[in-house]
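The structure appears right after this line, and notes come after that.
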Amino acid sequence: MEIASKYNPRAVEEKWYSFWLEKKLFHSEPDRRKPYTVVIPPPNVTGVLHMGHMLNNTIQDVLVRRARMMGKNACWVPGTDHASISTEAKVVKMLAERGINKRDLSRDEYMKYAWEWKEKYGGIILKQLRKLGASCDWDRTAFTMDDIRYESVIQVFVDLYNKGLIYRGARMVNWDPQALTAVSDEEVIYKESHGKLFYLRYFVEGEDKYIVVATTRPETIMGDTAVCVHPEDERYQWLKGKNVIVPGVGRVVPIIMDEYVDREFGTGALKITPAHDINDYNLGMKYNLNSIDIFNDNGTLNDNGGKYAGMDRFACRKAIMKDLEESGLVEKIEDYVNKVGHSERTDAVIEPKLSTQWFMKMSDIAKKALEVVEDGTIKFHPEKFKNTYRHWLENIKDWCISRQLWWGHRIPAWYFDVNGKMEIVVALNEEEAKKIAADKYGYTGELRQDEDVLDTWFSSWLWPISLFDGIRNPDNEEIKYYYPTDDLITAPDIIFFWVARMIMAGEEYRGEVPFKNVYFTGIVRDKLGRKMSKSLGNSPDPIELIEKYGADGVRMGMLLTAPAGNDLPFDESICEQGRNFANKIWNALRLVKGWAVSDELQQSPENEVSVQWMEQRMACVLEQIEKDFEQYRLSEALMNTYKLIWDDFCSWYLEMVKPAYGTPIDRETYLSTIAIFERLMCMLHPFMPFITEEIWHLLQDTDSEAKAELIAQSSIMIQHMPVSVFFDQRMLDDCAMAQDVVTGIRNLRNSRGLSPKEALELFVVCGDGKQMNSRFDGIIKKLANVSKINYVNEKVEGTISFMIGTTECFVPMSQNVDVEAERKKLEEELKYAEGFLASVMKKLGNEKFVNGAPEKVVAVERQKKADAEQKIAALKAQIANLK
């Protein structure tokens, strides 16, 4: 069989992904097998593949492919999120490029354009995931605004409203003046800001005295309706019952006294602007203060801003401070560092705003969501995120679920007037709303539906249920079979937005958790530790990386440095390491398939023991890999697989059994090698699916046309994952010792300038209970070019030596050996060994350590002492021998 001299990732990846799709190997239907279900964290339809997606989806694919090979009915459901704010921004931009203003369109006209944009661009990221090798069940691809998901969201809203968990009210909300919508507390990112603290003079009404009030936001003084001081602050007792005049505005406002005030901040006097600060709002409610809204929705000042009306809030800040300084109303200005809230979606500075919105009560529904994580029903990996989760749920606030947008799930509430009073009905559709209005209020006129849509997360929180139509049809076969899902792979930054809320929805609508394990990925960072982002220009294009290093190379490179919950320090060189590994395996294939095979030759003892050792080594590593997967230590599982293939198989085993140049290998060893190679490819497949599929096919015996056709239609994906079995640790230890001897001889040749072609005689001192197993003598002879191995009871004259643990090995001196250099080398080793012994003796001489440390720990130190003493004696003897 002709095998290409170089591995071509692009050709292989295109070939096998098309094959997998054609054979529907990713598709799942309920059957008698145990299901393994993963739902993709739906990327925004506005998104393109970035490094975070690469990491997250690679981990998902590893788990899904492994489950599939373990005989489970693996179902990985893909989909996208409608992303209200992001998509609306994209559509508005598209309209502007066409000379169209959103305000000139009706809602229906706008939605046609929005769907046009979604159909054109919304599937890009899912197509890119195919390049990565994602084995999603593409037949199940969902969208948070498709019919099933849309109807599910509306049904849940109506249900929660009828349960009294959803209500409408005027509250202080986080307003995004760029997206022109309210956002939830969780969508506000607080960033450190280097601003100013402005000290302003508020004159006391009727007196020639003033107090100084410190503020970071002088542009809001047009909304001031009080000044507050602490009731126990002696500095301001004289102000009790008095009023002050708002500087630059002239409005007379009362002095109020409340313990809320921090006496240490600024001057201890606080301006109260109920319409534009949540804490001020609460004080306003408490003291029945007026609330004056001075901002338009876009962050400019409205008519309440007086001469500053129409000005941007930050431009107003500069203008008003100029005017106040000219009026002598500024005491001083200081530099000030504080945390300023920014919109998670647009990065605009959030404006606290009094607004009528829809809210969901969270306190009761959150209790069960906390309980199932605390009691281990849902396990977090790593567990440290339980603390973050607990803190949020124990301090949860009602969720603002309405957004002032058109793209999204329109709130199913209808308004109408009855005797001058506005009434609201909530229903699945307008027809049902009209019936409720007629039956309950006797109203038969026209209804007006709420203009707002629901928060994007209000659809995402139903994702594990709605993907299997479990809201509309709670007893259908698929929801009963696939739910709850098994593993959720996500980033910790959406633990509140998504993870917690999905748990709440699962308990509310299925009476059970939505998943059993949550694996939190880290953040992908650059060499400088910065989060990768387009704005910093430090994020490589994942598709370009795949084209350069192959999908397998990129997958492996990312996973090798991505322990659960810890950030990934990405360096492109790790992808190169992945590519090099693929090339190493390919070259191993070419070596094995290039051997001539003889049916006449009998398997040699050396080949027999080599095969046995490799099988034992696989069993040993498999046991560790299985533990790694149980603990979600995927990076470690890959590293163990990598070392097994690169070190044990390629560097040792193939060298052990490789026939001499121009000679064949016996068929039994050859077939065993092929079988071992196949199993290794199965172990590696979840991590590197493309090259393993290619090699698995090339390893198959296709000596008949029927067999070749059968293999051509099959796939490594449906082979059984090897499992650990009992292994002989003694045999592994014996072979490890033989390998150390080979390495010792090779090092000796390199350091002494001995030719690899010069056959050496080896002497091994016996008698310490750690004798080498002679079964591996043939391997030592072959790999180290040793002509004869002699087991002796004492040192041999005229030799140079090396140590394998505490076992002395000797090789006769060649005329090329520099005796003086050898003596110096041994003396350096002796000095190090004596220093090591001194440190051990110091520890053993410490009574506190000997009496207080565990017995096993003390025993280890005593063994170190004995080994060091034995090594020192051997080195001294070797030096004496040279003299």
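Odds and ends about this structure:
- Distant-in-sequence amide contacts of Tyr36, defined by a placed amide H-H separation under 5 Å and a gap of 5 or more residues or a different chain, comprise Asn73, Ala74, Cys75.
- Part-to-part distance (alpha-carbon centres) for segment 251-304 and segment 774-814, which is given in Å: 88 Å
- Relative contact order (%) - criterion: Cα under 8 Å, at least six apart; region: segment 208-293: 36 percent
- Distant-in-sequence amide H partners of Gln449 (H built 1.01 Å from N, under 5 Å): Tyr415
- Using C-alpha pairs under 8 Å with a sequence gap of at least 6, the mean separation divided by the residue count of segment 711-786 gives a relative contact order of 41 percent.
- FRET efficiency, 1/(1 + (r/R0)^6) with R0 30 Å, evaluated for Leu528 and Asp335 via beta carbons: 0.65
- From the coordinates shown, Kirkwood radius over Cα pairs in Å corresponds to which of (i) 33.5; (ii) 29.0; (iii) 29.8: (i)
- Shape call, segment 79-162: gyration tensor on alpha carbons, a/c limit 1.5: oblate
- Between Lys643 and Asp159, the contour length at 0.36 nm per residue exceeds the Cα-Cα span by 168.8 nm.
- Vicinal HN-Hα couplings computed from phi for segment 27-40 (Karplus, 6.51 cos²θ - 1.76 cosθ + 1.60; Hz; Gly/Pro x): 7, 10, 9, x, 8, 7, 6, 6, x, 10, 10, 9, 10, 6
- Euclidean distance between Cα centres, segment 334-379 to segment 15-85, Å: 30 Å
- Helices of the chain meeting both criteria, an alpha-carbon length of 30 angstrom or more along the long axis and an average Kyte-Doolittle score not below -1.0, with helices taken as full DSSP H segments, are 572-593, 605-630, 729-752, 819-844, 855-882.
- Entry note, the chain: relative contact order of 12 percent, from Cα contacts under 8 Å with a spacing of 6+ residues.
- Using the Cβ-Cβ distance between Asn538 and His194 with R0 set to 25 Å, the FRET efficiency works out to roughly 0.60.
- Our note on the geometry: Cα centres of segment 522-566 and segment 400-463, 45 Å apart.
- Packing, taken as the mean count of other beta carbons within 10 Å per residue, orders the peptides 859-866, 114-121 from highest to lowest as 114-121, 859-866.
- Residue-normalised accessible area of segment 492-608, expressed per residue, 1.4 Å probe, Å²: 41 Å²
- Cleavage-rule hits (trypsin sites (Lys or Arg not before Pro)) in segment 1-89: DSSP loop, at most 14 neighbouring Cβ within 10 angstrom: Lys6, Lys23, Lys24, Arg32, Arg33
- The chain - share of DSSP beta bridges that are antiparallel (%, nearest 5): 70 percent
- Carbon plus sulfur fraction of accessible area for segment 363-443, probe 1.4 Å, in percent: 47 percent
- Backbone amide hydrogens, once placed in the peptide plane, bring Val244 within less than 5 Å of Glu205, Val253, Ile255, excluding anything fewer than 5 places away on its chain.
- Ordering of 389-397, 678-686 by packing [mean C-beta count within 10 Å, highest first]: 678-686, 389-397
The values are calculated or read from the model by the stated rules, or taken from the named source; none is laboratory data. Just so we're clear, the structure is a prediction, and the values are computed from it rather than from any experiment. Cβ: placed from backbone, ideal geometry, glycine included. Neighbour counts: every protein chain shown. With ligands, DNA and RNA removed, areas are computed over all heavy atoms of the protein, side chains included. Shrake-Rupley method; radii C 1.70, N 1.55, O 1.52, S 1.80 Å.
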